[in-house]
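Written below as structure tokens is the structure these notes are about.
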Amino acid sequence: MNKSELIEHIANQSDLSKAAATRALDAFIGAVKTTLKKGNSVSLVGFGTFAASKRAARTGRNPRTGAAIKIKAAKVPKFRPGKALKDALN
């Protein structure tokens, strides 16, 4: 499912127009980005938790040349599914 299919699904399930569903989804994504950028997490009970974690600097390899390169430290987004989401899949 891509973003446009998700918007269509949200619009159909909630009796919203596609434009309103698009705005709602964009607002949700923006809120998650802003919260993670501040270093906080977003928890949706039954669904899961979005959090930012720090990845340390490390040495990697250029796949084309095999030369060692330094990879900078970075913040990366993580998602940990909730129990209800796990149970729904199994």
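The values are calculated or read from the model by the stated rules, or taken from the named source; none is laboratory data. Values in this document were obtained by computation on a predicted structure and should not be read as measured data. Reconstructed Cβ throughout: ideal geometry from the backbone, glycine too, with neighbour counts over all protein chains shown. Ligands, DNA and RNA are stripped out before the accessible areas are found, and what is left, the full protein with its side chains, is counted by its heavy atoms. Shrake-Rupley method; radii C 1.70, N 1.55, O 1.52, S 1.80 Å.
Quick notes on this one:
- Within region 80-89, tally of residues that are in contact (Cβ under 8 Å) with a residue 24 or more places away in the chain, out of contact with any Ser or Thr (no Cβ under 7 Å at 6 or more places or on another chain) and either farther than 29 Å from Gly30 by Cβ or in a strand (DSSP E or B) (or both): 1
- Here Phe47 fulfils each of the conditions (1) more than 23 Å from Ala88 (Cα to Cα); (2) within 22 Å of the chain's Cα centre (by Cα) apart from (1).
- Residue list for region 32-74, filter: in a strand (DSSP E or B), farther than 29 Å from Leu85 by Cβ and open to solvent by 80 Å² or more (accessible area, probe 1.4 Å): Arg58, Thr59, Arg61, Lys70
- When restricted to residues that are surrounded by fewer than 13 Cβ atoms within 10 Å (Cβ to Cβ) and either of a type in the set (Lys, Arg) or over 24 Å from Ser43 (Cβ atoms) (or both), region 1-31 contains 8.
- So Gly60, is it in contact with a strand residue (DSSP E or B) (Cβ under 7 Å, 6 or more places away or on another chain) and of a type in the set (Gly, Ala, Ser): yes
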